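K.L.:
After the C-alpha cells below, expect a handful of questions from me.
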Amino acid sequence: MILLSSIINHFETTFLEKYQDVLLPGHKKALRDMKRCRSKQGLHMLASCSDLDCTERVYIPHSCGNRNCPHCQNHENWQWIENQLDKRLPATYYLATFTLPQQLRDLTWKNQKLIYSLMFSCVQDVLKTFTSNDKKLRGSAGFTTVLHTKARNLDFHPHIHVVMPAASINEKSGMWRVKSAGYLFNHKNLAKVFRAKLLEAAVDQGLYVPATTPKDWVVDCRDVGNGDKAFIYLGKYLYKGVIQEKDILRCENGEVTFRYMHAESKAYRTRTVSGEYFLYLLMLHVLPKGFQRTRCYGYLHPCSKKLVKFLQLVLRVPAFLMHKRKKERATITCPRCGKPMKIVKTGLRKPPLDLAACFT
C-alpha cells in the first residue's frame, strides 16, 4: 500500500511552486498535517500499561486529526452516523441530490464559502416550501444535508445530498403526517426551483453568472427505505478524506495511478496523473476553514432532540432504534501482556532516550 504521506513528501515542493497562486492557508495546513500524521517526525504520546505488574511503556506518534486525512477521525465518523440513526422516525426515507452544473464550477471554486452557503440555504428553502405546499404533508419538514465536492474520479463536482423522511409535523396542531412510499417530490420541479433560487441569490451577492449556464439542472430523488444505508454511505465521506490509500495503485516516474468505482458500470477504473496534479485534486476538496459540511434542519435540528424523542415514543418506535449504540474509541493494547494501555503524556516532540524522564 502506498502511503499518502510518502506522495506528499515526494511532490510537495514542486506542487507548492506550481499551484501557489490558487492555494489557501487551509490547503497548506492540510498538506502539512497529512504529511506528519502518525510519523516519527511529528508529535508523540507516551502510553503506559494499565497492569501494575507490567512496566511496558511505548511511544505512539500522534494522529493529525485533520478531517481530510484518510487515517483520522474514524471515531467521529461513526459517532455522526450513530447520532443520525438514533433520530430515525417511522417513515420512508429519501435521498435527494442537488447538483451544480459544470458551467458553475469555476465560479464556485473561486467563491467557495459563499456558494456553498447559498447551496445550503437554497436547498433548505426548496424542501421546506415543497413540504408545506404538498397536499399530503402540509407541515414542517425535517432533513439532514451533507456537502460533497468530489466526483468518483476526484474531479471538482459540488453537490448536496439530503436524507429526508417523507413526513411532516404541524407546528400548531402537532399532527404527524406521512406520505406513502414510492414518491416524495417531482425531481424536475425540485431542479427548476433550486436553479431559480440559487441563481437569484448569486446575482444578489454580486456574482457574475456565466451566460452558458444551462436551463436544465439535475436533482435526483430516490427511495432509501428506513435511511440507515444512506446515512452510513454519507457518513463514510465526512472525515475520511477523498481517497483511501488502498486505492492508490502506483507512484512512479513522476505519476500517480489510482482507482475509482465508475458509477454506471459499477466496475473499477484507473486514472493516472502527475504527482503535482494528484495533490491538486486532493486540495480541491479541502473546505474553507471552519466551514460545516453537514447540517440538519426542521424537526431533525440538534435543538429539537426533545421533539424527536417525543415523536419516537408516541409513534412507538422500537426500543432498539431509540437506544444509542455508542461506538467506543479504539484501545491501545500492551505489546507485552495484551492489557489496555493508558495515555500518560501527549505532545512530546521527540521521544527522550530515558523513559523515566517523561514521568518527572
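The values are calculated or read from the model by the stated rules, or taken from the named source; none is laboratory data. All values derive from a computational prediction rather than experimental measurement. Methodologically, a virtual Cβ is constructed for each residue, glycine included, from the backbone with ideal geometry; neighbour enumeration extends over all protein chains shown. Just the protein is used for accessible areas: all its heavy atoms, side chains included, with ligands, DNA and RNA removed. Shrake-Rupley method; radii C 1.70, N 1.55, O 1.52, S 1.80 Å.
K.L.:
Return the only residue of Asn68, Asn77 being in contact (Cβ under 8 Å) with a residue 40 or more places away in the chain and within 30 Å of Val317 (Cβ to Cβ). Step through it out loud before you land on a result.
P.N.:
Working: Asn68 fails: within 30 Å of Val317 (Cβ to Cβ).
Selected residue: Asn77, the only one of Asn68, Asn77 that is in contact (Cβ under 8 Å) with a residue 40 or more places away in the chain and within 30 Å of Val317 (Cβ to Cβ).
K.L.:
When you go through (1) in a loop (DSSP other than H, G, I, E, B); (2) buried (at least 21 other Cβ atoms within 10 Å of the Cβ) one by one for Gly182, which number turns out not to apply?
P.N.:
Only one criterion in (1) in a loop (DSSP other than H, G, I, E, B); (2) buried (at least 21 other Cβ atoms within 10 Å of the Cβ) is unmet by Gly182, namely (2).
K.L.:
Sticking with this structure for a sec: Do the conditions hold for Gln103, that is, is it over 30 Å from Phe278 (Cα atoms), in contact (Cβ under 8 Å) with a residue 40 or more places away in the chain and part of a helix (DSSP H, G or I)?
P.N.:
Working: over 30 Å from Phe278 (Cα atoms): no; in contact (Cβ under 8 Å) with a residue 40 or more places away in the chain: yes; part of a helix (DSSP H, G or I): yes.
Considered against the rule, which asks whether it is over 30 Å from Phe278 (Cα atoms), in contact (Cβ under 8 Å) with a residue 40 or more places away in the chain and part of a helix (DSSP H, G or I), Gln103 comes out as no.
K.L.:
Can you tell me how many residues in the range 3-61 are among the aliphatic types (A, V, I, L, M) and assigned to a helix (DSSP H, G or I)? Break it down stepwise before answering.
P.N.:
Narrowing the range 3-61 to residues among the aliphatic types (A, V, I, L, M): 3-4, 7-8, 16, 22-24, 30-31, 34, 43, 45-47, 52, 58, 60.
From what is left, the residues that are assigned to a helix (DSSP H, G or I) are 4, 7-8, 16, 30-31, 34.
Number satisfying all stated conditions: 7.
K.L.:
Residues to consider are Ser173, Ser121; find the one that is open to solvent by 50 Å² or more (accessible area, probe 1.4 Å), at pLDDT 95 or above and not β-branched (Val, Ile, Thr).
P.N.:
Unique residue meeting the criteria: Ser121.
K.L.:
While we're looking at this one, here's another question. Is it true that Phe98 is of a type in the set (A, V, I, L, M, F, W, C), in contact with a Phe, Trp or Tyr (Cβ under 7 Å, 6 or more places away or on another chain) and over 30 Å from His262 (Cβ atoms)? So that I can check it myself, show each step before the final result.
P.N.:
Working: of a type in the set (A, V, I, L, M, F, W, C): yes; in contact with a Phe, Trp or Tyr (Cβ under 7 Å, 6 or more places away or on another chain): yes; over 30 Å from His262 (Cβ atoms): no.
The answer is no for Phe98.
K.L.:
Additional query: What are the residues in the range 185-221 that are of a type in the set (Lys, Arg) and either in a loop (DSSP other than H, G, I, E, B) or over 26 Å from the mean Cα position of the chain (by Cα) (or both), if any?
P.N.:
Quick first cut of the range 185-221, residues of a type in the set (Lys, Arg) only: 188, 192, 195, 197, 215.
Those that are of a type in the set (Lys, Arg) and either in a loop (DSSP other than H, G, I, E, B) or over 26 Å from the mean Cα position of the chain (by Cα) (or both): Lys188, Lys192, Lys215.
K.L.:
Return the only residue of Pro165, Pro214 being in contact with a Leu (Cβ under 9 Å, 6 or more places away or on another chain) and open to solvent by less than 60 Å² (accessible area, probe 1.4 Å). Working first, answer last.
P.N.:
Values: Pro214 fails: in contact with a Leu (Cβ under 9 Å, 6 or more places away or on another chain).
Selected residue: Pro165, the only one of Pro165, Pro214 that is in contact with a Leu (Cβ under 9 Å, 6 or more places away or on another chain) and open to solvent by less than 60 Å² (accessible area, probe 1.4 Å).
K.L.:
Applying the selection to the range 124-152, what residues are among the small types (Gly, Ala, Ser), farther than 30 Å from Arg269 by Cβ and open to solvent by 20 Å² or more (accessible area, probe 1.4 Å)?
P.N.:
First, pick out the residues of the range 124-152 that are among the small types (Gly, Ala, Ser): 132, 139-142, 151.
Filter once more, so that each one left must be farther than 30 Å from Arg269 by Cβ: 132, 139-142.
Of everything in the range 124-152, those that are among the small types (Gly, Ala, Ser), farther than 30 Å from Arg269 by Cβ and open to solvent by 20 Å² or more (accessible area, probe 1.4 Å) turn out to be Ser132, Ser140.
K.L.:
State all residues of the range 44-54 that are surrounded by fewer than 17 Cβ atoms within 10 Å (Cβ to Cβ), hydrophobic (A, V, I, L, M, F, W, C) and in contact with a strand residue (DSSP E or B) (Cβ under 8 Å, 6 or more places away or on another chain); if no residue qualifies, say none. It would help to see each step written out before you state the result.
P.N.:
We begin by selecting, within the range 44-54, every residue surrounded by fewer than 17 Cβ atoms within 10 Å (Cβ to Cβ); these are 50-54.
Then drop every residue that is not hydrophobic (A, V, I, L, M, F, W, C), which leaves 52, 54.
Listed by number, the list is empty, since nothing qualifies.
K.L.:
In this structure, is Arg57 surrounded by fewer than 21 Cβ atoms within 10 Å (Cβ to Cβ) and under 22 Å from the mean Cα position of the chain (by Cα)? Steps first, please.
P.N.:
Numbers: surrounded by fewer than 21 Cβ atoms within 10 Å (Cβ to Cβ): yes; under 22 Å from the mean Cα position of the chain (by Cα): no.
Criteria not met by Arg57.
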